[in-house]
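Some notes on the structure that comes next.
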Amino acid sequence: MRFKWRRRALPVAALAVLATGCVSTPGPPSEPTAAPSTSGARSVAGVCAKPAAGPAKAPAGAVTVDPAKTGDLAAKTKNSPANTTFWLKPGTHRLEADRYAQVIPKKGNRYLGAPGAVLDGRRTNQYAFGGTARDVTISHLTVQNFVAPHDEGVVNHDSADGWVIEHATIQRNSGAGLMAGARQQVRASCLRANGQYGMNAYKAGGPLKDLVVEGNEITGNNTGDWERRREGCGCTGGVKFWAVDGADIRGNWVHDNRGAGLWADTNNNDFRIENNVLEDNDGAALMYETSYNAVIRKNTIRRNNWVEGREYAERGDSFPFATVYLSESGGEPRVHARTDKIEIYGNVLEDNWSGITLWENADRFCNSPANTSSGDCTLLMRDTDRCKRPAIAKAPLYGDCRWKTQRVDIHDNRFTLDKSVVKCTAKCDRMAVLSNYGTYPKWSPYKGEKVAEAITRKQHNRWHDNVYVGPWQFVVHDPSRVLDFGQWQATPYQQDTGSTLDPRAGG
C-alpha cells in the first residue's frame, strides 16, 4: 500500500528551517513503574511497564499455537474456520522467513496471548496481521521487530474494519505499529518505539469512521527520524490521523515521541480528545490540521515542544510554534458532528514551549500549488477543479474552497510557564491567532491581509475565562504584532474577557 502523507502547513520561514532536518536523537523510551500524576486529567495507566497478563490456559474451544513450530500461527489460521479463537502459548512465535509471510485472519477471529507470548518478525517479515477480514481481536500479545515500509503498518496492515486491539504491546517495528479501519478500538495497549508511528489511522478510499483510542501508552515513536530523512514530510508522531470521521481519543498517556504526540491531518472531523496526559513530546502535543469540529478538554499537557520550538527560535524564526497547534481547522455547522465548533476547555498546560496557536495559511486552498494536501479539497467542495478563477473569487466558492480556522472557543484552561524550567529567554511564551500575507498563486483571491484580518477579527475565534501564570505574550494578525495582556484584552482584539494573568509567578 502506498500513499502520500501531507506535510504540515508552515510559513515559508519555517519550511526553510525544515530543510536542515530535526535535531537530537532521543534515547530509548522510558518505562516508568507508575502512571504520571495528572493535575486535571484522570489517571492513565503506564501499560508499557506493567502489561496485563493474558490467559494462562487455553480457553475452551481455542486452537493452541505452538511457538516451537515456525509458521504455526499462519498455518492454523488458514486451516481453521472464521470466528476461531487462537491461544498463543508462552514463548516467541515466528512466521516463515519470507518478507511477505503474515497472518491473514478470517472474520471474527480472536488471537489471545498467554503470559510471555511474543510474535517476532526477526527484522525479516514486513507484516504481522493483514487482510480484509472484519471484527478481528488481538489481545495480550507482544508484536515486535517487523519491518513494514514507510507509511505502512504491521498490525491490521490493510485497514480492515471493526478490529479490537487490547492489552497488546506493539514495539520496535519499522513503519507504523498499527494501521486502523472503521470502528477500530485500541485499548490499554503499549505502542512503543516504532519507526514511524505508533498508529497510522488511514484507510484507502476513506473516510475512516468511528475510531476509539483509549487508555493506551504511546511513547518513543518515530525512531526513524523521518522528518530528517524526508524534508518536510509531515509523516511522524505518536499517532497520525487522516480523514477520520468520528474519533474518541481518551485516557491515553502520549509521551516522549519524536515529533508531535497526536496529529490529525486533512479532513478529519468530530474528534473528542479528552482526559489524556500529553507530555515530553519533541514537537507539539497536539496538531489539528485542515480538519473540522472537535472537543479538546480535560487534558494535562506539559513539557512539550521543547526540541522543535527551541530549534526554530534559535534559528531566528518568528513564527509562534505552539504546543496545541490548529492549522486551517475550525468549526463548520455544515459538516455533521457532535459539535459545530472547536472547543478547547478545562485543560492544564504547564511549562510547554508556548501555548495555543491558531494559524491559517493565506496561500493554502483547493487547487493552489501551495496546498500541501496535494490535490485534496475541503469537505464542502469535493471537486477541486471548480476552485479556480473567476468563480473562486465569489461566494460560495470563496469560502468553501479553503479550510478556515474559525469558530474556535478557548476557555477555562490554565496556562502556566516557568522559563527557568523550560530554559528559554524568548519565543516560548506565546499564544497566537494569525496568518501570513497572501501572495500565491498570482490568481489567488486571498492576497494581501484578507485572511489575516478574517482569522483575527471575523471568524469567531475567541479566548475567554482562562488563567495565565507566567510572562505570557500574545501574537495577533501576523508574527510582527506581539501584544501584552492588556493590549490583547483591549480594543480592537478584545480577547480573554474574564481571564486573569499573574506575570510574576512561574518565572
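Note on region 256-295: residues that are open to solvent by 10 Å² or more (accessible area, probe 1.4 Å) and within 23 Å of ARG338 (Cα to Cα) amount to 7.
From the list VAL118, VAL154, the lone residue that is in a strand (DSSP E or B), open to solvent by 10 Å² or more (accessible area, probe 1.4 Å) and touching a strand residue (DSSP E or B) at 6+ places or on another chain (Cβ under 9 Å) is VAL118.
Flag: ASP383 does not match the condition of being touching a residue at least 24 places away in the same chain (Cβ under 8 Å) and acidic (Asp, Glu).
Can you name the residue in region 431-456 that is within 28 Å of the chain's Cα centre (by Cα) and either part of a helix (DSSP H, G or I) or among the basic types (Lys, Arg) (or both) and is also farthest from GLY498 (Cα to Cα) among such residues? The qualifying residue farthest from GLY498 (Cα to Cα) is VAL451.
Pairing each residue of region 143-154 that is touching a residue at least 24 places away in the same chain (Cβ under 8 Å) with any residue that is of a type in the set (A, V, I, L, M) and open to solvent by 10 Å² or more (accessible area, probe 1.4 Å), provided the two are 6+ apart or on different chains, yields C-beta distances under 6 Å for GLU152/MET1.
Looking only at region 142-151, count every residue that is buried (at least 24 other Cβ atoms within 10 Å of the Cβ) and assigned to a loop (DSSP other than H, G, I, E, B) and tell me the total. Final tally of qualifying residues: 2. Scanning region 476-507 for residues that are under 31 Å from the mean Cα position of the chain (by Cα) and not in a loop (DSSP other than H, G, I, E, B) gives VAL476, HIS477, VAL482, LEU483, PHE485, TRP488, THR497, THR500, LEU501. Say whether the condition of being under 22 Å from PRO51 (Cβ atoms) and at pLDDT below 95 is met by at least one residue in region 223-238. Yes, some residue in region 223-238 is under 22 Å from PRO51 (Cβ atoms) and at pLDDT below 95. The conditions of being at pLDDT below 95 and of a type in the set (D, E, K, R) are met by ASP151. Return a yes/no flag: does region 397-405 have any residue that is touching a Phe, Trp or Tyr at 6+ places or on another chain (Cβ under 6 Å), under 19 Å from ASP484 (Cα atoms) and not basic (Lys, Arg). The answer is no; no qualifying residue exists. Of all residue pairs spaced 6 or more apart or on separate chains, those with beta-carbon atoms under 9 Å, a first member in region 353-376 that is surrounded by 23 or more Cβ atoms within 10 Å (Cβ to Cβ) and aromatic (Phe, Trp, Tyr) and a second member that is assigned to a strand (DSSP E or B) and at pLDDT 90 or above are TRP359/TYR325; TRP359/LEU326; TRP359/SER327; TRP359/ALA432; TRP359/VAL433; TRP359/LEU434; TRP359/SER435. The condition of being at pLDDT 95 or above, open to solvent by 50 Å² or more (accessible area, probe 1.4 Å), in contact with a Phe, Trp or Tyr (Cβ under 8 Å, 6 or more places away or on another chain) and not aromatic (Phe, Trp, Tyr) holds for only one of ASP412, ASP429, ASP340, that being ASP412.
Across region 404-422, a minimum of one residue is classified as within 20 Å of PRO441 (Cα to Cα) and not aromatic (Phe, Trp, Tyr).
Could you check region 70-94 and list, in sequence order, the residues that are over 17 Å from THR124 (Cβ atoms) and open to solvent by 50 Å² or more (accessible area, probe 1.4 Å)?
Just the residues of region 70-94 that are over 17 Å from THR124 (Cβ atoms), to begin with: 75-91.
Within region 70-94, LYS76, LYS78, ASN79, PRO81, ASN83, LYS89, PRO90 qualify.
Of all residue pairs spaced 6 or more apart or on separate chains, those with beta-carbon atoms under 8 Å, a first member in region 161-172 that is in a strand (DSSP E or B) and a second member that is open to solvent by 30 Å² or more (accessible area, probe 1.4 Å) and basic (Lys, Arg) are VAL164/ARG187; ILE165/ARG187; GLU166/ARG187.
Per the conditions (1) surrounded by fewer than 18 Cβ atoms within 10 Å (Cβ to Cβ); (2) within 30 Å of ASP418 (Cα to Cα); (3) in contact (Cβ under 8 Å) with a residue 24 or more places away in the chain, the sole criterion not satisfied by LYS450 is (2). Taking region 228-247 only, how many residues are open to solvent by less than 10 Å² (accessible area, probe 1.4 Å), of a type outside the set (S, T, N, Q) and within 20 Å of ASP280 (Cβ to Cβ)? Counting residues in region 228-247 that are open to solvent by less than 10 Å² (accessible area, probe 1.4 Å), of a type outside the set (S, T, N, Q) and within 20 Å of ASP280 (Cβ to Cβ) gives 4.
When you check LYS423 against the structure, is it under 30 Å from LEU278 (Cα atoms), of a type in the set (D, E, K, R) and open to solvent by 20 Å² or more (accessible area, probe 1.4 Å), yes or no? Outline the logic, then answer.
Values: under 30 Å from LEU278 (Cα atoms): yes; of a type in the set (D, E, K, R): yes; open to solvent by 20 Å² or more (accessible area, probe 1.4 Å): yes.
Yes: the conditions hold for LYS423.
Test VAL335 against the stated conditions and say whether it is over 28 Å from ASP280 (Cα atoms), open to solvent by 10 Å² or more (accessible area, probe 1.4 Å) and among the aliphatic types (A, V, I, L, M). So VAL335 passes the test.
Out of the residues in region 353-404 that are in a loop (DSSP other than H, G, I, E, B) and aromatic (Phe, Trp, Tyr), state the one that is farthest from ARG297 (Cα to Cα). Reasoning before the result, please.
Taking region 353-404 as the starting set, the residues that turn out to be in a loop (DSSP other than H, G, I, E, B) are 353-355, 361-383, 387-390, 394-396, 401-404.
From what's left, aromatic (Phe, Trp, Tyr): 353, 365, 403.
Working: TRP353: 19, PHE365: 29, TRP403: 23 Å.
Per the stated criteria, the residue is PHE365.
The values are calculated or read from the model by the stated rules, or taken from the named source; none is laboratory data. Fair warning: this is a prediction, and the values are worked out from it, not measured in the lab. FYI the Cβ positions are ideal-geometry reconstructions off the backbone, even for glycines, and counts take in every protein chain you see. Just the protein is used for accessible areas: all its heavy atoms, side chains included, with ligands, DNA and RNA removed. Shrake-Rupley method; radii C 1.70, N 1.55, O 1.52, S 1.80 Å.
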